[in-house]
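Here's the structure, in structure tokens; my notes come after.
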Amino acid sequence: SRRRRHGLRSRSASPPRRRNESPRRRDNALVQSALAYWGNLWANFQDANLDELFEFEARHFERFEPDVDEHSHEHHALHRRYRDLYERALERHLKTTLGATPQKFYAALERDAADGDAARRSTALAFLAVVRKADDYALFAASMREAAKHARWLEEPD
């Protein structure tokens, strides 16, 4: 892809590692770093880790009619493939950038979501909301219809 040829990558902040840092603080730093990256994917569009996701969207958005709220079997199958790509990209990001296994990350996320500290709980719940967006068919379909609408608008003569 163009991003790979030009060596363009985003610089995601990985959680700082301090020797005397408490596990609770490390967990929260991990969740905060994941939210900073996944909470705004478009800010990271140059990251090669996301190429598959963006290329998938670019290849398939035209299968969605902008003004038709129809849900075909094909659309649901596309969403399942998108979810799989999203999960793989998330796992890659956790391992390569944040140095965490999915199990370690989800354990940290679960602890923060149940934490009595409002800021920790809020960060964890915000990350869960981001992941739910990828899992939610209606949001996926709306996004694809919006992309199709935008592409058609760009093709219209002035």
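The values are calculated or read from the model by the stated rules, or taken from the named source; none is laboratory data. Values in this document were obtained by computation on a predicted structure and should not be read as measured data. Here the Cβ is made from the backbone with ideal geometry for all residues, glycine too, and neighbour counts use every protein chain on show. Ligands, DNA and RNA are excluded from the accessible area calculation, which covers all protein heavy atoms including side chains. Shrake-Rupley method; radii C 1.70, N 1.55, O 1.52, S 1.80 Å.
Note that region 100-158 shows a convex hull volume over its alpha carbon atoms of 126 Å³ per residue. A protection proxy built from the mean count of other Cβ atoms within 10 Å ranks the segments 112-118, 65-71, 37-43, most packed first, as 37-43, 112-118, 65-71. When the Cα atoms of the chain are aligned to their principal axes, the ranges along those axes come out at 61, 37, 28 Å in descending order.
With a Förster radius of 41 Å, plug the Cβ-Cβ distance of ASP69 and LEU128 into 1/(1 + (r/R0)^6) and report the FRET value to the nearest 0.05.
0.95
Counting only protein heavy atoms and a 1.4 Å probe, tell me what percentage of the chain's accessible area is made up of carbon and sulfur.
It is 49 percent, rounded to a whole number.
Rounded to the nearest 0.05, what FRET efficiency is calculated for ARG59 and ALA107 with R0 set to 35 Å and r the Cβ-Cβ distance? After rounding to 0.05, the efficiency reads 0.50. A 1.4 Å probe run over region 42-129, with the rest of the protein chains in place, finds 55 Å² accessible per residue.
Convex hull of alpha carbon positions in region 32-102: directionally averaged projected area 5.5 nm². Taken one residue at a time, the phi angles of region 135-146 give Karplus couplings (6.51, -1.76, 1.60, θ = phi - 60°) of 7, 8, 4, 4, 5, 4, 4, 4, 5, 5, 5, 5 Hz. Gly and Pro are set to x.
The residues packed around ALA129, meaning those with a beta-carbon under 14 Å from its beta-carbon, carry a net charge of 0 if Lys and Arg are +1 and Asp and Glu are -1. Entry note, the chain: the mean residue ellipticity at 222 nm calculated from DSSP H runs of n ≥ 4, each adding -39500 (n - 2.57), is -21500 deg cm²/dmol after division by the residues and rounding to the nearest 500. Give me the net charge of TYR82's neighbourhood, meaning all other residues with Cβ under 13 Å from the Cβ of TYR82; Lys, Arg count +1, Asp, Glu -1. Once all neighbours under 13 Å are counted, the net charge is -1.
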